[in-house]
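J.: Have a look at this one before I ask anything.
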Amino acid sequence: NSTIVSSGGVFELGFFSPGSSKNRYLGIWYKKVSNRTVVWVANRERPILDTSGVLRILVNGNLELVNARNSTIWFSNSTKAAVSNPVMAQLMDSSNLVVRYLNDTDPANYLWQSVDHPTDHILSGMKLGWDLGKGLDRYLTSWKSVNDPSPGNYTFRMHLEGYPQMKVADRSTINFRFGPWDGIQFSGVSFDVPDTH
């Protein structure tokens, strides 16, 4: 039941069970909001099925979540390998969980950060879309239900075919798009209006 709280007391990292579920997940939520609002979930697709669960930081700079049998449930899979010690994990007041070198606070040098892997929330300072240099596709995916944070049917992501466009989709059905990005702005917005007749 131990948690990590950001320095300003804005966000909290720990284990939780959503809704009526008994499954456990590692997540980040607002510390001071009485109705727990989870903004990030690590192990969305692989819940912990009992009351165990350990988050640890490895010498190579990766975070690892293991269950009672020491089986890996989730792994941060950093694209940067730590070349020197010590490294630390820190929860920021922005909701960002970062892995960094102990004496290096430059965001450009973070070994890994949760904002590069959003789940169903976008908060101030976060980015959506492709970072082609890092090979990152940052997009949002709905929860399956209030009891299950595994990826649901809806996504909000940047599509790169033709001119880039941000689209909301229900599986393969596009429900909303911002219109193509022309390098300066989105050129239009379209809505799919359901037929009510």
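J.: Tell me, which strands (runs of 3 or more DSSP E) lie completely within region 38-84 with 2 or more residues that are among the hydrophobic types (A, V, I, L, M, F, W, C) and touching a Cys at 6+ places or on another chain (Cβ under 8 Å)?
T.: Ranges flagged: none.
J.: State whether the residues of region 70-89 include one that is among the hydrophobic types (A, V, I, L, M, F, W, C) and under 15 Å from the mean Cα position of the chain (by Cα).
T.: Within region 70-89, one or more residues are among the hydrophobic types (A, V, I, L, M, F, W, C) and under 15 Å from the mean Cα position of the chain (by Cα).
J.: Follow-up. In region 144-153, is there at least one residue being buried (at least 16 other Cβ atoms within 10 Å of the Cβ) and not in a strand (DSSP E or B)?
T.: No: region 144-153 contains no residue that is buried (at least 16 other Cβ atoms within 10 Å of the Cβ) and not in a strand (DSSP E or B).
J.: Follow-up. Hey, does region 106-118 have a residue that's assigned to a loop (DSSP other than H, G, I, E, B), farther than 23 Å from Phe11 by Cβ and more than 16 Å from the chain's Cα centre (by Cα)?
T.: no
J.: Are any of the residues in region 68-85 in contact with a helix residue (DSSP H, G or I) (Cβ under 8 Å, 6 or more places away or on another chain), of a type in the set (Phe, Trp, Tyr) and either within 20 Å of Ser124 (Cβ to Cβ) or surrounded by 12 or more Cβ atoms within 10 Å (Cβ to Cβ) (or both)?
T.: No, region 68-85 contains no residue that is in contact with a helix residue (DSSP H, G or I) (Cβ under 8 Å, 6 or more places away or on another chain), of a type in the set (Phe, Trp, Tyr) and either within 20 Å of Ser124 (Cβ to Cβ) or surrounded by 12 or more Cβ atoms within 10 Å (Cβ to Cβ) (or both).
J.: So for region 15-33 (the condition being within 23 Å of Gly133 (Cβ to Cβ), in contact (Cβ under 8 Å) with a residue 24 or more places away in the chain and in a strand (DSSP E or B)), does at least one residue qualify?
T.: No; the residues of region 15-33 include none that is within 23 Å of Gly133 (Cβ to Cβ), in contact (Cβ under 8 Å) with a residue 24 or more places away in the chain and in a strand (DSSP E or B).
J.: Quick one: in region 34-59, which of the residues that are in contact (Cβ under 8 Å) with a residue 24 or more places away in the chain and of a type in the set (Val, Ile, Thr) is surrounded by the fewest Cβ atoms within 10 Å (Cβ to Cβ)?
T.: The extreme case among them is Val59.
Each reported figure results from applying straightforward, stated rules to the coordinates on display, with no laboratory input. Since we're looking at a predicted model, the values are computed, not measured. A quick note on method: Cβ atoms are made from the backbone with ideal geometry, for glycine too, and the neighbour counts reach across all protein chains shown.
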